[in-house]
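Colleague: Quick one: structure below, then a few questions.
The values are calculated or read from the model by the stated rules, or taken from the named source; none is laboratory data. The structure presented is a predicted model; accordingly, all values stated were derived computationally and were not measured. Reconstructed Cβ throughout: ideal geometry from the backbone, glycine too, with neighbour counts over all protein chains shown. Remember, those area values only see protein heavy atoms, side chains included, never the ligands or the DNA or RNA. Shrake-Rupley method; radii C 1.70, N 1.55, O 1.52, S 1.80 Å.
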Amino acid sequence: MESPSDWEDRLARWQDELALFEQLDEAPWVTLTRAETETGVSRSALRSWYRNGEIRSRLVDGPNGPQRLVRLDAVIERAAASPRIQRRAEREVGLEAQVALLRHRVDQLELRLAALERK
């Protein structure tokens, strides 16, 4: 059984390898989790894209076994070409704008309420 320090050493080596990949390729190779977080593309879409050859991927040894990496710029480029993802992004931007508008209106109502309470 591995000790915690063995696991931490393995994790540190793996992170060093990821940093080396970024230095060698200029464009970062990232885990599927990071690609999903940074782009909003689902993991199933990412898997479909690399299996169909639409984006490049590579397997590297990770701290818990083989880890799939994809190029972040390729994911961003492929996502930009997807009408479905673009519609979702537009909806999210629309929702963000609605939330900002509602926050502004709540702020105005709070100011009015405070003014009424002072009277």
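Colleague: Run the 1.4 Å probe and let me know the accessible area of Trp49, rounded to the nearest 10 Å².
Modeller: 20 Å²
Colleague: Here's another thing I want to ask about it. Measure off 7 Å from each Cα along the Cα-to-Cβ vector at Glu17 and Ser48, then give the distance between these two points in nanometres to one decimal.
Modeller: Reported label-point gap for Glu17 and Ser48 is 3.0 nm.
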